[in-house]
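Engineer: Have a look at the structure that comes next, please.
The numbers here are math on the coordinates, done by the rules we state, and not lab data. In this text, all values refer to a predicted model and were calculated from it rather than measured experimentally.
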Amino acid sequence: MLNARVKLRHLMAFQEVARLQSMARAAQTLSITQPAMSKTIRELEEIVGAALFERSPSGVTLTAAGATLLRHAGPALRSLDAGFRAVHQTSAQAVVRLGALSSVEQGLLPRALVRLAQTLPGVRVQVTTGSSAYLLSRLGLGELEMVVGRMSEAREIRGLHFEPLYHEPLVLVARAGHALAAGDADAAALAAAAWVIPPAATTLREQVERFWVEQGGWCPPIALETLSLSLSRRYVLATDAVWVAPLDAVREDLASGVLVRLPVALEAHGGALGLCTNLSLPLSAGAERLQACLREIADEVSDVDEA
């Protein structure tokens, strides 16, 4: 059973200090004094019998014991907050908190959201975008209910549950009429072309760099680094740059002929595109239904790809 000495203020203070890595900033956020914050953290450390933070002049960092507690305290506080809101706002619109990687923004996710609206009217979805590391860290803290996208190689996925939906390759595309689209996409031409790629410290960027190494240590000129699909698309359509894109993001443009897929195998096997959840945090009814919609659309996409 929960130690009766542990109060809600202890856990709230602990979570804020862990998030901000500063006693002073956490105290300001919770509108208490810094001495009161330090006292609250010391009380919690005495109760659990372990140091939760390493102190230094630049701030504080979690100890191993602190990291363990955070994995459980974050989702518990989020679940408790959801319970309070459910009690006091029973007439409020249902909200699903979703994290989405750029790999699903153009195809899978929009279709799933449309189907969700058709089958569960009134639900509101809050979509947060960003890198897999950022979104999975928020999922671990219970600030998101699930994350969807290509993230199977992300280190932050440890401790969470990943359900693969289908495998999807990265493809190299260019605008229609591009010189490389005429069959001249040899190694020298590709190495000389300007590339549009995902930013550093993303799983997609790691795959691109692995491809360059496998080709003999390429270092082609990089024209644009971004996770924005719309920006990448507009840039490539207006220039001679080539774009590394998830297939799901360019299916429609390839089908219409606006973009052309270059005959380059960026990876031996496609990455696993799927949804990630925090098993310690119960899903809302809206999130469960969205999961079902994602699975349905994923099955349809897989059937089309196989055909």
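Engineer: Using the Karplus curve 6.51 cos²θ - 1.76 cosθ + 1.60 with θ = phi - 60°, work out ³J(HN,Hα) for each residue of the stretch 170-175 in order, rounded to whole Hz, and write x for Gly and Pro.
Structural biologist: Taking θ as phi minus 60°, the curve returns 7, 10, 9, 10, 8, 5 Hz for the stretch 170-175.
Engineer: To the nearest 10 degrees, how steeply does helix 34-48 sit against the main Cα axis of the chain, on a 0 to 90 scale?
Structural biologist: For 34-48 against the chain, the angle is about 90 degrees.
Engineer: P(r) of the stretch 8-73 in 5 Å steps, Cα pairs, percent per bin?
Structural biologist: 4, 20, 34, 28, 13, 1
Engineer: Right, something else. Can you give me the angle between helix 229-238 and the longest principal axis of the chain, using Cα atoms only, in degrees from 0 to 90, rounded to the nearest 10?
Structural biologist: Once rounded, one gets 20 degrees.
Engineer: What do you get for Rg/Rh over the chain if you use C-alpha atoms and the Kirkwood form of Rh?
Structural biologist: Here Rg/Rh amounts to 1.05.
Engineer: Roughly speaking, what is the stretch gain from Ala36 to His72, that is 0.36 nm per residue apart minus the C-alpha to C-alpha distance, in nm to one decimal?
Structural biologist: 10.6 nm
Engineer: When a/c is below 1.5 the answer is rounded, else prolate if a/b is larger than b/c, else oblate, so apply that to the stretch 170-261 with a ≥ b ≥ c taken from the square roots of the Cα gyration tensor eigenvalues.
Structural biologist: oblate
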